[in-house]
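**Q** This is the structure I have questions about; it appears just below.
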Amino acid sequence: MDVEHVVGLPHPRLRPFVTRYSGYRMRTEPGTHRGLPSRSLTLVVTLDGTVDLPDGRFATLCGGLHDEAVIITHDGFQHGVQCDLTPLGMRAFFGMPAGELAATTVGLDVLDAPAAELRERLQDATTWTDRFARLDSLLGSLVRPVRQQVEVAWAWQRLASGAPVAEIAAEVGWSRQHLSARFAAEYGLTPKVMGRVMRFERANRMLRGERRPTLTEVAAACGYTDQAHFNRDWRALCGATPTEWIAAELPFVQGSEHGQGAELPS
């Protein structure tokens, strides 16, 4: 197994729209892996080959928020760049709410993005730092003015801090039903489901860390009522229990939260 993973931050003016860049080059046995639910939309530009999903084969893609694992098939070699987009980034770059891509993956050309130019510019670069800089330039050229409904944006922030849905609804002065409908229209998932995804993401990040805690520690820190609840939620969102995911996937992602955008060769 030969795995290279390099993480970089976008230019500060893009950070409301993109949280990070992840460059990857992996040679492994052919197989599958899971694209896990998170609070980010996923934009991928391959440098070689395609990303092979149930929805199709993509050289460039953008995937919406989802509450189930996406199965990715590969031939043993994967090489490209992933950009983690915020929902606001979907509006800024493509002029649409994240809800329009919920549980869906499309090619960037479908979004009227310069997909071919983006891929060619990244393929021509010789270091990850240069690729990330070119992403800054190309994505920066797509930015347009954005507006979100204040109450919906507030609900997202409060969910991210762990607030319960009933409390958020009371804060914005809406019924839970109205909040759920407006939130889902913007993001594609209801507040209740998005809260589960955010909790899952926190747990997943803890397991990816340099010092991996025990599953009992993770369950308690992330607000699961007990280990059985932790396992049920993970199986629903990931398609595997935490123990099964660790055995199958962790060697490929361990340490990815700590990569550096260094001057590395392609």
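**Q** If you take the square roots of the eigenvalues of the alpha-carbon gyration tensor of region 1-81 and sort them as a ≥ b ≥ c, do you get rounded (a/c under 1.5), prolate (a/b over b/c) or oblate?
**A** It is oblate, given that a/c is not under 1.5 and a/b is not larger than b/c.
**Q** When the Cα centres of region 102-155 and region 1-54 are compared, how far apart do they sit, in Å?
**A** Rounded to whole Å, the Cα centres lie 13 Å apart.
**Q** Please state the shape class of region 40-154: rounded when a/c is under 1.5, otherwise prolate if a/b exceeds b/c and oblate if not, all from the C-alpha gyration tensor.
**A** Oblate, since a/c reaches 1.5 and b/c is not below a/b.
**Q** Taking H placed 1.01 Å from N in the peptide plane, check which residues at least 5 places from residue 71 or on another chain put their amide H under 5 Å from its amide H.
**A** Under 5 Å from the amide H of residue 71: 35.
**Q** Something else about it: In terms of the Cα gyration tensor, with a ≥ b ≥ c the square roots of its eigenvalues, is region 126-171 rounded because a/c is under 1.5, prolate because a/b exceeds b/c, or oblate?
**A** Because a/c hits 1.5 or more and a/b fails to exceed b/c, region 126-171 counts as oblate.
**Q** Okay, moving on. Among (1) 18.7; (2) 22.0; (3) 19.2, which one is Kirkwood radius over Cα pairs in Å computed from these coordinates?
**A** (3)
**Q** Place +1 on the Cβ of every Lys and Arg and -1 on the Cβ of every Asp and Glu in region 28-96, take the dipole about the Cα centre, and give the residue among 66, 88, 77 whose Cα lies farthest towards its positive end.
**A** Of the options given, the answer is 88.
**Q** Roughly how many debye, to the nearest 20, is the charge dipole of the chain about its Cα centre, given +1 on each Lys and Arg Cβ, -1 on each Asp and Glu Cβ, and no other charges? Working shown, then result.
**A** Working: 28 positive and 31 negative charges, 155 e Å.
Dipole magnitude for the chain comes out near 740 debye.
**Q** Hey, another quick one. So what does residue 11 come to for accessible area, using a 1.4 Å probe and Å² rounded to 10?
**A** Per-residue accessible area (residue 11): approximately 90 Å².
**Q** Now for a different question. When the helices in the chain are scored as -39500 (n - 2.57) per DSSP H run of 4 or longer and the sum is shared across all residues, what 222 nm value do you end up with, to the nearest 500 deg cm²/dmol?
**A** -12500 deg cm²/dmol
**Q** Just to check I understand the Karplus step: with θ = phi - 60° and J = 6.51 cos²θ - 1.76 cosθ + 1.60, what whole-Hz values come out for region 55-72, glycine and proline as x?
**A** Ordered by residue, 3J(HN,Hα) equals 6, x, 10, 10, 7, 9, 7, 9, x, x, 5, 8, 10, 9, 5, 9, 7, 10 Hz.
The values are calculated or read from the model by the stated rules, or taken from the named source; none is laboratory data. As the structure is a computational prediction, the values presented were derived from the model and not from experiment. Don't worry about glycine lacking a Cβ; one is built from the backbone with ideal geometry, like all the others, and counts go over all protein chains shown. Side chains are part of the model used for accessible areas, which takes the heavy atoms of the whole protein and leaves out ligands, DNA and RNA. Shrake-Rupley method; radii C 1.70, N 1.55, O 1.52, S 1.80 Å.
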